[in-house]
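Here's the structure we're looking at; comments come further down.
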Amino acid sequence: MAIRSHMLPRLLLAAPLPGRLARLSRRTAASMSSAPAPMGHQGPPLSLRGVVFDMDGTLTVPVIDFPAMYREVLGGDAAYAAARAAGGGSVDILHCIESWAPDEQRRAYEVIARFEQEGLDRLQIMPGASELCGFLDTKQIRRGLITRNVKSAVDLFHQRFGMMFSPALSREFRPYKPDPAPLLHICSTWDIPPNEVIMVGDSLKDDVVCGKRAGAFTCLLDETGRYGPHDSLPEDIRPDFTVSSLSEVFSVLEEHFGLAPVASESRI
């Protein structure tokens, strides 16, 4: 498994954060100055006390046809191609919609809601997710969730599969991924610095960027190898680890981290 030569992520916040998040950011920067050396060192393993997951395509099997959704929202193939070109090959549909007139936004969200509902009707747990969550529970490692899907989808996921994540932030939490705010909010709630947390997801532009901007470790789930060797990726979207299945996350955690459990009296 390819690993970055300078593993400790940096805090890349674009603007000051208020209140507790600002204090957490300052504490994170201070703690990282004395953090363990990069992978390959002979010292103690890195501390890990929390894992934050993406939902769609990470904890659940990808079933939503996003290109079809984007084409319908944007108004056809030409508009979709233009949006992809403007986004460097990817489309942030929620960001596109933000600048539209209210009537256009309403129509767009109706289309998105229809595609998301179709996805919920076929919701399946990702192979290895239950086992990984059980492993984290035995180690008393916290589990959180950040998704750009709606809260009702998160609620259904919890109800259908019986795996609870706390906090579990949907797109109703603003700003959403790839902004680091939701991940920093989870770290603040846990009272754990981001450099003792890893973000696991299947999107470079959303999950990896969110994790890196927050100062957390990042693990990309790339089942099909669509992203290619991550050593060739630009620094701002290069994950610390890449796996092809959730089962491989076990090896990442056990080989590279000292799993430091949160004291039982401080858990929520």
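The values are calculated or read from the model by the stated rules, or taken from the named source; none is laboratory data. As the structure is a prediction and not an experimental result, all values here were calculated from the model. Heads up, the Cβs are rebuilt from the backbone with ideal geometry, glycines too, and the neighbour counts pull from every protein chain shown.
Considering only region 45-98, how many residues are more than 19 Å from ALA113 (Cα to Cα), more than 16 Å from the chain's Cα centre (by Cα) and of a type in the set (Ser, Thr, Tyr)?
2
Can you confirm whether region 165-178 contains a residue that is within 30 Å of ARG114 (Cβ to Cβ), surrounded by 14 or more Cβ atoms within 10 Å (Cβ to Cβ) and either touching a Cys at 6+ places or on another chain (Cβ under 8 Å) or assigned by TED's automatic domain parsing to the domain that holds GLU98 (or both)?
Yes, there is a match, as at least one residue in region 165-178 is within 30 Å of ARG114 (Cβ to Cβ), surrounded by 14 or more Cβ atoms within 10 Å (Cβ to Cβ) and either touching a Cys at 6+ places or on another chain (Cβ under 8 Å) or assigned by TED's automatic domain parsing to the domain that holds GLU98 (or both).
Is region 214-233 home to any residue that is of a type in the set (Lys, Arg), within 28 Å of VAL63 (Cβ to Cβ) and within 16 Å of the chain's Cα centre (by Cα)?
Looking for residues that are of a type in the set (Lys, Arg), within 28 Å of VAL63 (Cβ to Cβ) and within 16 Å of the chain's Cα centre (by Cα), one finds none in region 214-233, hence no.
Residues that are outside the structural domain of TRP190 (by TED's automatic domain parsing) and not aromatic (Phe, Trp, Tyr), at least 3 per element: which helices (runs of 4 or more DSSP H) completely within region 69-148 meet that?
77-86, 93-98, 102-121
Within region 186-263, which strands (runs of 3 or more DSSP E) (wholly inside it) include 1 or more residues that are surrounded by fewer than 20 Cβ atoms within 10 Å (Cβ to Cβ)?
Once the strands (runs of 3 or more DSSP E) in region 186-263 are filtered for at least 1 residues that are surrounded by fewer than 20 Cβ atoms within 10 Å (Cβ to Cβ), what remains is 257-259.
From the residues in region 149-159 that are in contact with a strand residue (DSSP E or B) (Cβ under 8 Å, 6 or more places away or on another chain) and not aliphatic (A, V, I, L, M), which one is surrounded by the fewest Cβ atoms within 10 Å (Cβ to Cβ)?
Here the residue is HIS158.
Could you list, ordered by first residue, the pairs with Cβ atoms under 6 Å in which the first is in region 150-175 and within 18 Å of TYR109 (Cβ to Cβ) and the second is at pLDDT 95 or above and of a type in the set (Ser, Thr, Tyr), at least 6 apart or interchain?
VAL150/SER170; LYS151/SER170; VAL154/SER170; SER170/THR147
Please work out which residue is surrounded by the most Cβ atoms within 10 Å (Cβ to Cβ), limiting yourself to region 75-99 and to residues that are hydrophobic (A, V, I, L, M, F, W, C) and closer than 17 Å to ARG148 by Cβ.
VAL91
When you check PHE165 against the structure, is it part of a loop (DSSP other than H, G, I, E, B), in contact with a strand residue (DSSP E or B) (Cβ under 8 Å, 6 or more places away or on another chain) and not acidic (Asp, Glu), yes or no?
In short, yes.
Can you confirm whether region 128-147 contains a residue that is within 24 Å of PRO67 (Cβ to Cβ) and within 12 Å of the chain's Cα centre (by Cα)?
Within region 128-147, one or more residues are within 24 Å of PRO67 (Cβ to Cβ) and within 12 Å of the chain's Cα centre (by Cα).
Looking at this structure, is SER152 assigned to a helix (DSSP H, G or I), modelled with pLDDT under 95 and not basic (Lys, Arg)?
yes
Are there any pairs with C-beta distances below 8 angstrom linking a residue in region 253-264 that is assigned by TED's automatic domain parsing to the domain that holds ILE141 and acidic (Asp, Glu) to a residue that is surrounded by 14 or more Cβ atoms within 10 Å (Cβ to Cβ) and modelled with pLDDT of 90 or more, with the two at least 6 apart or on different chains, and if so which?
From region 253-264, no pairs qualify.
Given the options LEU136, LEU94, name the one that is among the hydrophobic types (A, V, I, L, M, F, W, C) and touching a Lys or Arg at 6+ places or on another chain (Cβ under 6 Å).
The conditions single out LEU136.
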